[in-house]
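So the structure is just underneath, and the comments pick up after that.
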Amino acid sequence: MSQLDLSELQSTEFPVPDELQGNLAITSISKLYNWSRRSSMWPLLFGLACCAIEMIGTAASRFDLSRFGMEVMRGSPRQSDLMIISGTVTKKMVVPIVRLYNQMPEPKYVMAMGACASGGGPFKEGYNVVSGIDKYLPVDVYVPGCPPTPQALLYGLIALQKKIDGQSLANMDDVPWYGVGPAEPTPIPVLGPDIIDPRQMDLIRRQAQMAVQGKQFAVGELPALPEKKAEPKKVEAKATAAPEVAADMDPVKAERMKKREEALARKRAREAAAEKGE
Amino acid sequence: MYGQGIAKGLWITFKHLVNTYVDDIRYAGRKYVSQDNFQVRQGPKSQGAYTVQYPDEKIAVPERFRFVPFRVDSDYDDPERPGQDWCTSCGICAKVCPPQCIWIVRGQDPNTGRPVPQPEAFFIDIDICMNCGYCAEFCPFDAIKMDHDYELASYDRTSRHIYDKPKLSKELRYWKTIAPTRAVEEMEARGGWDHKDVQKEKAKAEKAAAAQKAAPAAPVQTNGGAASPAAPAAEAPAADDAEKIKAERLAKREAALARKRARDAEENGGA
Amino acid sequence: MAIAVPQTTELDISQTIDWLKQKYPDAVHDDTRQGFGGVVVDKSMLVEVAQAIRDDLGFDYLSSATAVDYLGISDHMEMVYHAYRTTGGPALVFKAQTDREKAEIPSLVDVWLGADFQEREAYDLYGIQFSGHPNLKRILLWDGFNGYPMRKDWQEAYFEQEHKPFDSRWPGGWVHRAEEKNVYGKNVRYPDDIDLARLSDTSEATLYSGLGLGVDVQELESDGLQTDRLVVNLGPHHPSTHGVFRMIVSLNGETIETLEPVMGYLHRNHEKIGERNSFLHNIPFTDRLDYLSSMGNNFGYVLAVEQLLAQGARYQPPTYRAEVIRVLMAELTRIVNHLWSLGFLLNDLGAFFTPMLYANNEREKILDFFEATAGSRLMCNYMRFGGVFADLPERIHSVANLVNDKVRDYNTMEYLAQMITERLPRFLEEYGRLLVGNEILRERTINVGVLPHDLAIALSTCGPLLRGSGVAYDVRRADPYSIYPELDFDIPVGVNGDIYDRFMVRFQEIHESLRILKQLLPRLEQTKGEEVVTKVGHTPRVPVGEAYGRVENPKGELGFYVVSEGDEKGPQNPWRYHVRAPSFINLTALGPMCRGYKVADVVTVLGSIDIVLGETDR
């Protein structure tokens, strides 16, 4: 070990390849690059539902997105870096959304604003609702809330900026858009009898064959909630977890930890059962 | 004259622009520093644009503001039940939840298998939660409240967006800080800072204590100061108490029945 | 029968029904089910009876037409129509019943043009064939969608249970995501006979039919010169469609020949979910209909359910203060909504952002009040059956919780008074000077997008759109609710029915709202201390029956048709929960209004209707 550890000077926490270790220039270029990128994120002018109203409210003068260099809402996907999925994504709408996403130039980011965009929200059970845009697009930041207030959205945008700050030019995984060849476009879903994700065609075909054989079609084997099964595990968990926890914690905390451990054990059991089911 | 309307409009926009800077001058550069200035700037008397410099100054949210719910625990240094759940796992919040995002596992006594008034596990899927506030509104034990912390953005939802019991639990003192007025109102309705059940227990204990206090006092009065054996004296008031309670209960029952009859009559009359 | 019936158009509802029964003794019967009203019309005579209702009886305004599936109760489907007179008064409710298997009902488009979209919706979601409908296509879902989702026996992929609350949540509620239950990890379900060999996007198949694409060769020969008709898609991602709305426009040069609205991009199944929810669960869902005026939506829904509750015993109507607060909220919402819509109309005209930002500044101040009172800026969820969530707070104040939090503290009544008597009037006066005289605005809007007043009534338009065409029809006056009868306000109307008139109607409605609010302030002071929180619990016993509650929402007449009917356990959930969405029905007028104008006027006309997609698609 040398006296001067240059790696300490690198502010990014991301892995730097061995041959570049200690190369300060890369990090500062990365910094400059990230700074310029994160300070001019142009969102796609694109509102879906209730959250769009809060998004516009954020862009208006009270919360003022332009303080972050984001006020330039572009109508064209070709000119935008950030797609704010602001509201419920329906099956009918996800087709144009994926198309728009494919048209955006790299580097591009997706933010799921609000509960609906993240995971379906209160409308999750609906027949025309996509339960989370991350089923179709890679999402960078999730902003919970229904709807998130402008300040919550701003917090999410700052979180996205932090994420960009963490990217390093030295790491190809961070900046895949400098790789060879164009990026693969996301396959566009098809509206058939129900929405069809082309990536799942094999699965659908398999299920259709099963249906021909008389099995129930398109109904997943439910992960049986193994409460009965979990019973013995609970005892085990108690036996193993309790003594080591109790040693150095106050009883309330220990109790809480114990319960948590139990819940986790049950969760694991359930997940295992679910995997078996698949 | 053509163009007059446009010119007028342009003048107004210009005035707006100037107004915002006049504000700056009025506050002599202290627009973003002083608390009072913030209040005026965000209030109905403000002029021009009133931007909030978000990460550097945030609008504190009003008391009734609702975001994701949290569960109330007793303070960790509470003398009666430190760090314990207020939730009795009655399930009302799960029932009134419109999108059904609350999941509760009712606690069970490991020996008897009977339900105990404490949840074994408690989950809220914040990707479903619609922040409507029903859970807090209808909880009979004030055990679930709406949080004011909206800064929840995350990079990954699969692992982080189902809140479990440890993540949801916050101390009572937190609720007292974020909603002082309402906390006091609720305390008054409940009758004290403690949990409803603790209140009840306390009341019971007090009653018992009062009865015990009354016990030695009563015979002293009736017997006119004559020394009497302790055992029967203690028994007699107890029996008295039992009778009294019985009579009270009967009276209550009568009253309730009368009320019910009246109601029925009214209903029949209405129909 | 020489005895002239004195003015059939002035008969009250029971007389009207008698008149109908007398005239059509075989076709018209009373609806005798408990809690139901109106008449049941034999479907073979429906068009004739409807014509009589419109022409002889004067019910010229078809407010709502909706389908109900009574599977398991009487095993038929039913179309329910609510017709009103534009001169005011209560509804004439008439129904037509049909078999579930082969559901067919004659279309009423010829009688009331406004039935167009509503019948298409019933076809889309219930599969009722409307014979005689000129354009019977799916409207909210896409062509090729499997099944009719609103039918009671249709279940979605994430279906869990018929009624909320679900049993899996308590007491053994181990959490899982609904995705885990589906092999695809999504809420999709494919029919057993899915044809994977020939799988293509079927959703757009019929959209372009009937547009007459391509060059007509015969005409080319006779005329010698013809240009292609150009078909342009506006939306669903378009900055000026106010959301995810799409219009297919066919153009001759720059002139619009036909315009067809395509919607359903935000169809998030309110009604299906609403029929699973309990009565209480639906209140926060109504917030998300017209998400700019959630208070008004709450109001309409609680009025509908209160109608039902009032039929049972032991129901206490809201106190006077509760009513005052409700009206206060509804009028503030109207201001919020109109400010927004005026700002965005100007945006559509090309006045980018300045008017919108000014209006938004004022809007934010009102939202601050909502946030302090109801808890949320947009999704207020404030009204309850028989009252409101809580009284106005003593002070609008906050407590610092996060780092850098800045605290505000105002007296609520002072804040309100300042807003209503000083800030908003001052702003309006200035806004008027900024916009009303503006030459560009006048030239872009006067005599553009004209909707004549008889057409406006026939198309069942409502709100500022209808009033801009010179019809002084406002539910607050025509069929008053709450404390509106005792308040003093005018109903602004337009003359020409063009965009400018609608713009001015909105403008003046803000003034009228302020007038109402000024009258409310002393009432709020007088009733201080009165109880406003309801005693109706979280599971009210709602008597069996039907109710149609409607309010004058900023966008127009918002109606909720609620049927309470249930299984052996009694009605816990609405059997039918239908939203008569003003934005949806107002769009019927979009095509006729745009025909003959330039393509640049389309966005302006759309902006002047003031739609919100959450309500259009539900």
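The values are calculated or read from the model by the stated rules, or taken from the named source; none is laboratory data. Note that the structure is predicted; figures quoted are calculated from it, not measured. All Cβ positions, even for glycine, are placed from backbone atoms using ideal geometry, and neighbour counts span all protein chains on display. To get the accessible areas, we keep the full protein, side chains included, count just its heavy atoms, and leave off ligands, DNA and RNA. Shrake-Rupley method; radii C 1.70, N 1.55, O 1.52, S 1.80 Å.
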Taking the stated definitions as given, is residue A:74 surrounded by fewer than 21 Cβ atoms within 10 Å (Cβ to Cβ), under 19 Å from residue C:263 (Cβ atoms) and more than 7 Å from every other protein chain (Cβ to nearest Cβ)?
-> no
Test for residue A:166: is it of a type in the set (Gly, Ala, Ser) and either free of Cβ contacts under 8 Å to residues at least 24 places away in the same chain or away from chain B (no Cβ under 13 Å) (or both) = no
So which of C:125, C:141 is buried (at least 22 other Cβ atoms within 10 Å of the Cβ), in contact (Cβ under 8 Å) with a residue 40 or more places away in the chain and assigned by TED's automatic domain parsing to the domain that holds residue C:107?
-> C:125
Of the listed residues (C:542, C:579), the one being crowded, with 18+ Cβ neighbours inside 10 Å, under 26 Å from the mean Cα position of the chain (by Cα) and closer than 27 Å to residue C:140 by Cβ is C:579
Checklist (1) within 30 Å of residue C:436 (Cα to Cα); (2) part of a helix (DSSP H, G or I); (3) facing chain C (nearest Cβ under 10 Å) applied to residue B:93, failing item | (1)
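One line per residue, one yes/no per condition, for (1) in contact with a Ser or Thr (Cβ under 8 Å, 6 or more places away or on another chain); (2) open to solvent by 10 Å² or more (accessible area, probe 1.4 Å); (3) more than 9 Å from chain B (Cβ to nearest Cβ):
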| position | (1), (2), (3) |
| --- | --- |
| A:42 | yes, yes, yes |
| A:47 | yes, yes, yes |
| A:57 | no, no, yes |
| A:61 | yes, yes, no |
| A:66 | no, yes, yes |
| A:85 | no, no, yes |
| A:93 | no, no, yes |
| A:119 | yes, no, no |
| A:123 | yes, no, no |
Those residues of segment C:307-333 which are in contact with a helix residue (DSSP H, G or I) (Cβ under 7 Å, 6 or more places away or on another chain), in a helix (DSSP H, G or I) and of a type outside the set (A, V, I, L, M, F, W, C) amount to C:326, C:331, C:333
Quick check: is even one residue across segment B:59-66 free of Cβ contacts under 8 Å to residues at least 12 places away in the same chain and under 30 Å from residue C:381 (Cα atoms)?
-> yes
Restricting attention to helices (runs of 4 or more DSSP H) lying wholly within segment A:88-204, give those where 3 or more residues are more than 27 Å from residue C:264 (Cα to Cα).
-> A:150-165
Counted residues, segment C:268-292 - those being open to solvent by 10 Å² or more (accessible area, probe 1.4 Å), within 23 Å of residue C:163 (Cβ to Cβ) and in a loop (DSSP other than H, G, I, E, B) | 1
Residue C:44 vs. criteria among the polar types (S, T, N, Q) and buried (at least 21 other Cβ atoms within 10 Å of the Cβ) | no
Subset of segment C:298-335 [among the polar types (S, T, N, Q) and closer than 19 Å to residue C:615 by Cα] = C:298, C:333
If we scan segment C:424-441, do we find a residue that is of a type outside the set (Lys, Arg), out of contact with any Leu (no Cβ under 7 Å at 6 or more places or on another chain) and under 22 Å from residue C:595 (Cβ atoms)?
-> no
Among (1) without any contact (Cβ under 8 Å) to a residue 60 or more places away in the chain; (2) surrounded by 18 or more Cβ atoms within 10 Å (Cβ to Cβ), residue C:99 falls short only on (2)
Name the strands (runs of 3 or more DSSP E) wholly within segment C:65-123 that hold at least 1 residues that are among the polar types (S, T, N, Q) and more than 20 Å from the chain's Cα centre (by Cα)?
-> C:92-99
Criterion: away from chain A (no Cβ under 12 Å) and either more than 20 Å from residue A:132 (Cα to Cα) or open to solvent by less than 10 Å² (accessible area, probe 1.4 Å) (or both) - qualifying residue of B:127, B:147, B:109 | B:109
Restricting attention to segment B:70-92, which residues are surrounded by fewer than 22 Cβ atoms within 10 Å (Cβ to Cβ) and of a type in the set (Gly, Ala, Ser)?
-> B:83, B:91
If residue A:195 passes every condition in (1) open to solvent by less than 10 Å² (accessible area, probe 1.4 Å); (2) touching a Ser or Thr at 6+ places or on another chain (Cβ under 7 Å) but one, which one does it miss?
-> (2)
If we keep just the residues of segment B:71-97 that are at pLDDT 85 or above and of a type in the set (Lys, Arg), which is farthest from residue C:164 (Cα to Cα)?
-> B:71
Matching residues in segment C:340-360 (open to solvent by 10 Å² or more (accessible area, probe 1.4 Å) and more than 26 Å from the chain's Cα centre (by Cα)) number 7
